[in-house]
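Enquirer: The structure that follows is given in the form of structure tokens.
Nothing in this text is a laboratory measurement; each read-out follows from the coordinates by a stated rule. These figures come from a predicted structure and were not determined experimentally. Here the Cβ positions follow ideal geometry from the backbone for every residue, glycine too, while neighbour counts run over all protein chains shown.
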Amino acid sequence: TRLSLPRDDRKSLALPHRLLVLQVLLPRDKPFGFELALADAGGTRRRLAFSTSLREAVSTPLHTRLPLADAPRGVWLNLCLDLGELVDVFFGAWPYQRLDSISLGAACKIRRIFALRALRAAGSSAAAASAW
């Protein structure tokens, strides 16, 4: 069972914000994963999949799977993702344009999911903010 936003696959969230924050509680004994569908400035749809079951990153031109093996379990986390930087690093051809959909595995508790235009603290980076 998965939670998908938007519920209808033919629709898009169309969120232009670069930063995505997932406030989640990962279970200690079950695998967890989520997938993001993104579009770049060229209109190409790409997917980023994150999972606690993966041990190494695997990337193709349209799909990247990234491990969450070191994510703490049994505590509330703020998973902060800089979508623009992830698109640049793994796909590189065109800059990030929008987030189309989010799909979460059912083995977690969700407090909030929200997007930000930029980090509030001056001089900080998304990498520093994602230290679980």
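Enquirer: Grab the DSSP H runs of the chain that are 4 residues or longer, score each as -39,500 (n - 2.57), total them, divide by all residues and round the 222 nm result to the nearest 500 deg cm²/dmol. Please list the in-between numbers first.
Expert: Details: 2 runs with 12 residues, N = 132.
Taking each H run of at least 4 residues, the total per residue is -2000 deg cm²/dmol.
Enquirer: Label Ala57 and Ala118 with points 7 Å out from Cα along Cα→Cβ: what is the distance between them in nm?
Expert: The modelled label-to-label distance comes out at 2.5 nm.
Enquirer: Percent relative contact order of segment 1-78, based on C-alpha pairs within less than 8 angstrom and at least six residues apart? Walk me through the numbers on the way to the answer.
Expert: Numbers: 107 pairs, mean separation 21.6, N = 78.
This gives 28 percent for segment 1-78.
Enquirer: Now for a separate question. If you take the square roots of the eigenvalues of the alpha-carbon gyration tensor of the chain and sort them as a ≥ b ≥ c, do you get rounded (a/c under 1.5), prolate (a/b over b/c) or oblate? Walk me through the intermediate numbers first.
Expert: Values: a/c = 1.41, a/b = 1.23, b/c = 1.15.
Since a/c stays below 1.5, the shape of the chain is classed as rounded.
Enquirer: Quick one: if you stick a label point 7 Å off each Cα along the C-beta vector at Arg47 and Ser4, how many nm between them?
Expert: In this crude spin-label approximation the distance works out to 1.0 nm.
Enquirer: Contour minus end-to-end for Lys30 and Ala71, with contour as 0.36 nm per residue of separation and end-to-end as the Cα-Cα distance? Walk me through the numbers before you get to the answer.
Expert: Details: separation 41, 0.36 × 41 = 14.76 nm, distance 1.27 nm.
Extra length available between Lys30 and Ala71 comes to 13.5 nm.
Enquirer: Let me know the charge dipole size of the chain about its Cα centre in debye, to the nearest 20, where only the beta-carbon of Lys, Arg (+1) and Asp, Glu (-1) is charged. It would help to have the intermediate numbers written out before the result.
Expert: Details: 19 positive and 11 negative charges, 96 e Å.
Rounded to the nearest 20 debye, it is 460 debye.
Enquirer: Something else now. If you take every residue apart from Gly74 with its C-beta less than 15 Å away from the C-beta of Gly74, what net charge results, scoring Lys and Arg +1 and Asp and Glu -1?
Expert: Values: positive: Arg28, Lys30, Arg73, Lys109, Arg111; negative: Asp29, Asp70.
Surrounding charge for Gly74 is +3.
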